[in-house]
Structures are given as structure tokens and as C-alpha cells.
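Following: one structure in C-alpha cells, then a few remarks.
What follows is calculated from the coordinates using simple rules that are stated; it is not laboratory data. Computed from a predicted structure; not experimentally measured. Ideal geometry is used to build each Cβ from the backbone, glycine not excepted, and the neighbour counts take in all protein chains shown.
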Amino acid sequence: MGVIIAIDYGTKKTGFAVADGMRILTEPLAVFHGAGDGEDLLHHIAKLCDERDVERFVIGMPFNMDGTEGPRAAETRAFGDSLRAHLEKRFGRIPIRFQDERLSTKEADSLLVEAGYIGDERKKRRDSWSALVFLREWLQCGEPE
């Protein structure tokens, strides 16, 4: 089994987390700083695929609090489509799943405080720790299709 990479997609920065092939360890990765709609982000993700045997991606879906999809959800789906097209020729089809990310930033902040991060150190890590939160939730739900 390959690794799972979670992506907290953003227009200015994007967070990443990974679960190992055995689904025992989960950890945040470095935050990507750059435009979410540019080629640089797609190249960064391809580099992550070069470094790991990626089985699938889990992308955080920014639902509204009432469970409906707003404009950010449409942007996230479009990003998923771009990612799929960008990687398919080189790596084959890597499945993409979307996971509800509501309140993941708040939970990530709590985890960062528990880990002893404050101020700018916490802010720099927030996006990847948010990806970590919804990755763990997705795994706890039994890796739903």
C-alpha cells in the first residue's frame, strides 16, 4: 500500500500531510507558499510523488457550516481536476478523494498549542496541521471512497 497525501488547498499557501502505507503514522509536511492556481503548486506535488509511492490524495473540501458547497468548494474541485490531469501522464491515475475540512483549522490550532508552537511558528504550520486533522478524520472513517 502506498502513502496518502492530504492537501489543504489555498490560493496563497497550501498545506500537506502524509499517512504511511500501513496507516500507522501521520505527519504534517512543509507548507507550500505560492499561488494555488499556478503550475508551481502542481510541480511541487509531482515532486512529492517522485519522493513517495502515492496511493491517493485526500483534498480538504471547504463546505459551509450548513453543509452546502460555496465558491471555495468549486475552486477546490477545479484544483482537483487540474491535479489529476497534471499527474496522470507521468504517474498514472492517482485517485483523489474530498474530505470535509470544516473546523480543521481550529483543531489544528489546538494541536499546535499542545505541541508548544506559538505566534508565527504556529501560523507557519497551520495549513499542514489542518491537512493532518482531516487526513486523520478520513482514516478514522475507514478511508471512504
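What is the packing order of peptides 138-144, 109-115, taking the mean over residues of other C-beta atoms within 10 Å and listing the highest first? Don't skip to the end; give the middle numbers.
Details: 138-144: 12.3, 109-115: 14.0.
By packing density, highest mean first, the sequence is 109-115, 138-144.
Which lysines have a Cα lying under 16 Å from the Cα of K124, excluding residues fewer than 8 positions away in the same chain?
Leaving aside lysines fewer than 8 places away in the same chain, those within reach of K124 are K12, K13, K106.
Order of 77-86, 51-60 by packing, highest average Cβ count within 10 Å first?
Output ranking for 77-86, 51-60: 51-60, 77-86.
Considering Cα pairs under 8 angstrom that are at least six residues apart, work out the relative contact order of the chain and quote it in whole percent.
Normalised by residue count, the contact order of the chain is 30 percent.
Determine the calculated [θ] at 222 nm for the chain from helices alone, applying -39500 (n - 2.57) to every DSSP H run no shorter than 4 residues and normalising by the residue count; nearest 500 deg cm²/dmol. Spell out each step's value before the answer.
Working: 4 runs with 67 residues, N = 145.
The per-residue figure over the chain is -15500 deg cm²/dmol.
Could you list the square roots of 5 times each eigenvalue of the Cα gyration tensor of the range 11-110, that is, the equivalent ellipsoid semi-axes, sorted largest first and rounded to whole Å? Show your work: numbers first, answer last.
Working: eigenvalues 92, 62, 37 Å².
They are 21, 18, 14 Å, listed largest first.
What size of dipole, in debye to the nearest 20, comes out for the chain about its Cα centre when the only charges are +1 on Lys and Arg C-beta atoms and -1 on Asp and Glu C-beta atoms? It would help to have the intermediate numbers written out before the result.
Values: 21 positive and 26 negative charges, 35 e Å.
With Lys and Arg at +1 and Asp and Glu at -1, about 180 debye.
First select every other residue whose beta carbon is under 14 angstrom from the beta carbon of E137; then total the charges, Lys and Arg +1, Asp and Glu -1.
Net local charge, E137 excluded: 0.
So what is Rg over Rh here for the range 5-69, counting just Cα atoms and using Kirkwood for Rh?
In the range 5-69, Rg relative to Rh is 1.00.
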